[in-house]
Amino acid sequence: MTRTRSKELAIQTVNDALGEFLAAPPEGTPAEVIELLSLVAGDPDAPLPTRLYFEAVEQAPVAISITDARADILYVNEAFEALTGYTRDEVRGRNESILSSNATPDSIYQQLWRTINSKKSWSGTLVNRAKDNREYLAALTVAPVLNQDGDIAFFLGMHWDVTHEHQLESQLRQQKRHIEMVLDAAPVLVVLLDETGRVSLDNHEYKKLLGDLRGKEPAEVLRQALREQAGFDPLEAMGGGKNFKDVEVSIEIPGSGGPRWFSCSGTPASEADINARNFFGRHARDERRLLLLANEITAQRREVERAHLENLRARLAEQQMIHGMREALGAAMYQMQGPLNVIRAALGMLQDGRTDPSALAGMLEEISASGQRAMQTLQNALPKESREAGRLVNINALLRQVMELETDRLLAAGIVVDWQPAAVLPAITGRKNQLRSLFKHLIDNAILALEETGGMQSELLMTTRAVDKLVEVTIQDNGPGISAERRFKAFEPLYIGWRNRRGRAGMGLALAREIVTGHGGCIEVDPDYTQGCRIRLALNKVTPDE
Ligand code: FAD
């Protein structure tokens with residue numbers, strides 16, 4: 001017979017004897033003794049032997065302790081020994097407070113005791129200190145065990161180490177904080193919508209717009225704008241698994257001084273079902289989400305609109321100037337008629353040979369006087385030059401604007417544009433309108449040159465680059481070019497080199513040079529380029545009050 005077997009038999013014998021004793025206890029046996037022996041013997045009608053309960057507690061993987069009503073330890077199981085590092089002999093008779101650490105606030109202990117002393121179970125988390133001083137997080141449940149009178153006789157404590165779970169949770173929280181920080185720092189509105197359009201995540205920019213819209217949900221407003229202005233519902237696009245990019249819509253926001261523009265992009269996303277039923281991933285039905293990004297582009301829009309307006313103004317001014325010049329030239333031609341008539345008469349008199357010198361002198365005086373008057377009329381008719389203040393200008397942006405404005409003409413002429421701007425250009429202080437008309441004039445010249453050549457692949461190459469504190473711009477076409485002997489003449493006023501001279505004043509390059517030199521720069525026809533014409537110019541900064 002093995003030792004275990006004989007032990008089991010011995011326990012059985014004791015149990016049987018206890019059973020007999022309790023069935024008919026001798027008279028005068030104190031009630032406490034009967035109660036205690038009943039606890040030891042267990043219920044003879046119970047389906048499981050008492051020993052099994054003990055072994056279950058002993059071998060449970062949770063640290064279990066039984067204390068008296070003052071929390072002095074009576075019993076601990078194996079898991080308790082393993083977790084705390086204390087043997088049962090070391091802790092028996094000592095208070096549970098041997099596990100306490102000063103990292104647990106006193107208010108938690110007070111709450112624990114208030115609860116268990118009112119005969120209720122308490123569950124919570126404490127910082128425990130093991131025998132080797134290692135601190136761990138204990139998820140603890142303390143349950144009171146009442147005696148027959150309903151008073152607290154013992155406490156049952158169960159705890160396990162949740163340090164790892166806490167670390168994981170903290171990491172998750174930290175990651176969430178990082179993501180929120182990044183999202184909030186992004187200068188773009190970010191919002192995650194569920195299938196019904198409800199917001200499940202947003203960022204600082206989104207909340208700002210929510211404030212501007214006085215509580216109206218920005219996601220709903222943007223969705224409506226996309227439906228009405230771009231012709232699609234972003235949530236339906238999400239349902240179809242489609243994404244969209246850079247769709248521009250405008251919304252009216254009270255007090256914004258005009259519509260505000262947003263460039264919207266959307267990406268469908270799916271989120272795992274977090275219900276218990278999907279724990280093993282067998283009933284997966286991922287939730288669809290829409291990640292909507294909206295970048296405010298009101299400033300850029302307004303800048304383009306302003307540039308269009310400025311261009312319109314410039315064109316109007318140009319037309320007015322042409323009109324004025326026509327009037328001035330008409331008046332000058334009329335005024336010149338007078339002196340010319342007198343000159344013709346004087347010439348006739350001289351040819352007749354009957355010249356009276358005094359009459360000739362009078363005629364010359366009249367010629368001089370009417371000549372003066374004609375000159376005065378011309379001077380009065382000269383259009384006034386408007387003074388423009390210097391402002392910070394990004395030459396890349398300005399050139400792109402002019403190119404956009406010339407798009408129709410370039411397309412109509414079948415010109416291929418190669419735009420090679422410097423990735424980064426220093427801003428220069430310049431007169432925007434002057435510079436805009438400078439570039440417009442040079443591009444117009446290139447278009448004219450390419451139109452005059454015709455027949456071949458027309459190309460226009462524009463480059464910018466920074467050279468010290470200068471910004472260099474080249475505008476190059478593969479048209480007929482400007483011959484070496486005309487390279488300098490082309491910048492002289494009233495010089496016209498076009499085959500078709502109609503409507504040309506010959507002032508374009510002269511004015512271009514004036515604008516460039518006014519910006520402390522220089523302009524030339526590049527002598528090294530022979531496949532067409534390359535205008536190279538460099539602009540210097542000018543001070544704003546110049
Ligand atoms: P203490 O002075 O012992 O207690 C702090 C505060 O708790 C006191 O200011 C008082 O307000 C209240 N308090 C303490 N004892 C009593 C009491 N008998 N009646 C009413 N209020 C009281 N603590 C742990 O740190 N880790 C554990 O794992 C742990 N397990 C426990 C298991 C059981 C079954 C029980 C009954 C208690 C357990 N405790 C545990 C609590 C422990 O007994 C101590 O109260 C606690 O550790 C604080 O000890 P302390 O020496 O820092 O301060």
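Worth pointing out:
- Of THR355, THR377, all but one fail to be assigned to a loop (DSSP other than H, G, I, E, B) and either closer than 23 Å to GLN337 by Cα or at pLDDT 85 or above (or both); the exception is THR355.
- Residue in the range 440-462 that is of a type outside the set (S, T, N, Q) and over 20 Å from CYS533 (Cβ atoms) present: no
- Among the residues of the range 218-228, not a single one is part of a loop (DSSP other than H, G, I, E, B) and more than 17 Å from ASP184 (Cα to Cα).
- Per-region count, the range 95-117, residues surrounded by 13 or more Cβ atoms within 10 Å (Cβ to Cβ) and not in a helix (DSSP H, G or I): 4
- Among the residues listed as GLU135, GLU220, GLU228, the single one being surrounded by 11 or more Cβ atoms within 10 Å (Cβ to Cβ), within 30 Å of LEU290 (Cα to Cα) and of a type in the set (Asp, Glu): GLU220
- Of the helices (runs of 4 or more DSSP H) lying entirely inside the range 4-90, the ones with 3 or more residues being over 16 Å from MET158 (Cβ atoms) are found at 31-41, 50-59.
- Single residue of TRP160, TRP122 found to be of a type outside the set (S, T, N, Q), surrounded by 14 or more Cβ atoms within 10 Å (Cβ to Cβ), more than 8 Å from the ligand (Cβ to nearest atom) and in contact (Cβ under 8 Å) with a residue 60 or more places away in the chain: TRP160
- Here SER38 qualifies as modelled with pLDDT under 95 and either more than 9 Å from the ligand (Cβ to nearest atom) or loosely packed, with under 15 Cβ neighbours inside 10 Å (or both).
- In the set (1) under 22 Å from the mean Cα position of the chain (by Cα); (2) modelled with pLDDT under 95; (3) of a type outside the set (S, T, N, Q), the condition left unmet by GLU271 is number (1).
- A count restricted to the range 88-119 and to residues that are of a type in the set (Asp, Glu), within 22 Å of TYR75 (Cα to Cα) and near the ligand (Cβ under 10 Å from one of its atoms) stands at 1.
- Hey, ILE73 within 16 Å of the ligand (Cβ to nearest atom), more than 20 Å from ASN133 (Cα to Cα) and surrounded by 11 or more Cβ atoms within 10 Å (Cβ to Cβ) or not: no
- Any hit, the range 57-69, residues being farther than 19 Å from GLU135 by Cα, away from the ligand (no atom under 16 Å from the Cβ) and of a type in the set (A, V, I, L, M, F, W, C): no
The values are calculated or read from the model by the stated rules, or taken from the named source; none is laboratory data. Keep in mind the model is a prediction, meaning the values are calculated, not measured. No Cβ is skipped: glycine too gets one built from the backbone with ideal geometry, and neighbour counts run over all protein chains shown.
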